[in-house]
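Each remark here refers to the structure printed beneath this line.
What follows draws every value from the coordinates through simple rules; no lab data is involved. Just so you know, these numbers come straight off a predicted model, no measurement behind them. Methodologically, a virtual Cβ is constructed for each residue, glycine included, from the backbone with ideal geometry; neighbour enumeration extends over all protein chains shown.
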Amino acid sequence: MRFDLTDLLMKSQKRAELVPKKNCILMKIPSPDTTAMLFSNGKLVVTGANSEEEVKTAARKFTQIIQKMDYPGVNLIDFKIRNVIGNCDVGFRILMEKFASAHASRCIYEPELYPAVIYRLAHPSVKILVFVSGKLVFTGSKDPRDLHAACEQIYPLLVQFEDKKQVDQRENLDAKVDANMDAKDEDD
């Protein structure tokens, strides 16, 4: 089914906004807290869900909203999860240049263009953005289990490139703070 986006926008009663660059309308619902892009060709892309069940619920709700805008024949068909995104924090800073150099066949690192190392796993096929802070973003999978497998594979590689200097500086700072606190306690 094709949609006249201008018609939908007028019927949305301010529940939608036009995104001209993507040639779609954007709609949001609070529960589950998700956003949908509806394209004129009928494709509906839902983002922001935290589980497969949430994305299915949101897709049904967006379909119902569209039906109420004088499109009663709209149905949800060909539902597919196309991309699962996850993130984590390994808890330490990464020596980016050394990590990227050691894994050059799987990495792209151009710090003047983008602050993360882009690491590509073969199995599962997942792209991992590795930031100096130790934060990771996983993308490109269709199955949440792949993200767990990717995390298990990348963590041992990252541990080898932990920025120990940062750890030493934190320990020195902690020692100075403790020493200052002890000195104040003696004066009281």
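Taken one residue at a time, the phi angles of region 45-59 give Karplus couplings (6.51, -1.76, 1.60, θ = phi - 60°) of 10, 10, 10, x, 6, 9, 7, 5, 5, 4, 5, 5, 4, 4, 4 Hz. Gly and Pro are set to x.
Working from label points 7 Å from Cα in the Cα-to-Cβ sense, the His148 to Glu54 distance is 1.7 nm.
Residue-wise HN-Hα couplings along region 104-117, as the Karplus relation 6.51 cos²θ - 1.76 cosθ + 1.60 with θ = phi - 60° gives them from phi, are 4, 5, 10, 10, 10, 9, 10, x, 6, 9, 8, x, 10, 7 Hz; Gly and Pro carry x. Between Asp7 and Asn41, the contour length at 0.36 nm per residue exceeds the alpha carbon distance by 10.8 nm. Length gained on full extension, Asp163 to Lys98, computed as 0.36 nm times the residue gap minus the Cα-Cα distance: 22.4 nm. Model label points for Leu76 and Glu110, set 7 angstrom from Cα along the Cα-to-Cβ axis, are 3.9 nm apart.
Could you tell me which label, among (1) 203; (2) 139; (3) 227, carries the value of volume of the Cα convex hull per residue in Å³ calculated for this structure? Here volume of the Cα convex hull per residue in Å³ agrees with entry (1). Region 133-163 and region 26-64 have Cα centres lying 27 Å from one another.
With θ taken as phi - 60° and the Karplus curve 6.51 cos²θ - 1.76 cosθ + 1.60 applied, the whole-hertz 3J(HN,Hα) list for region 64-73 is 5, 4, 5, 4, 6, 9, 6, 10, x, x Hz, x standing for glycine and proline.
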